[in-house]
Amino acid sequence: SLRFPQKLWKMLESGKFQSIWWSESGKCVAINKDLFEVEVLGREGQQVFRTQKIKSFMRQLNAYGFTKMQRNFQRSASLPEFLAEEAAASANSQILYYFNPSFNRAHPWLSETCKRR
């Protein structure tokens, strides 16, 4: 069976899942937490990963050297724009971003170097 990084790569490249995707740069993995729990971890009989818990999945990411990234939002000076940005940021709060220097869409061969810590 495939190791965790290979399963993750295959999932990202398959286009079958709406809850997980590459960031625009291809350097981060983006995960819609709520949707991922239903779409991937909640699958009966055809599990991709050996867990049904998001915390266990996140521990796996950490074990393979992925770090959680914070989204930096530039804040506007005007109140209406600021409030609109806050609403957008809270909608994005369910999106988690993970980075690993050895996990890059442009360099697939690097994923072979992702080792469990």
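Taking the Cα centre of the range 1-42 as origin and assigning +1 to Lys and Arg Cβ atoms and -1 to Asp and Glu Cβ atoms, the resulting dipole is close to 240 debye. Subtracting the Cα-Cα distance of residue 56 and residue 25 from their residue separation scaled by 0.36 nm leaves 8.5 nm. As a fraction of the 1.4 Å probe accessible area of the range 1-52, surface on carbon and sulfur atoms comes out at 45 percent.
Hey, can you rank 105-116, 4-15 by average C-beta count inside 10 Å, highest first? Mind dumping the intermediate values first?
Values: 105-116: 12.8, 4-15: 15.7.
Ranking, from highest mean packing down: 4-15, 105-116.
The values are calculated or read from the model by the stated rules, or taken from the named source; none is laboratory data. None of the values given here were measured: they were computed from a predicted structure. Don't worry about glycine lacking a Cβ; one is built from the backbone with ideal geometry, like all the others, and counts go over all protein chains shown. With ligands, DNA and RNA removed, areas are computed over all heavy atoms of the protein, side chains included. Shrake-Rupley method; radii C 1.70, N 1.55, O 1.52, S 1.80 Å.
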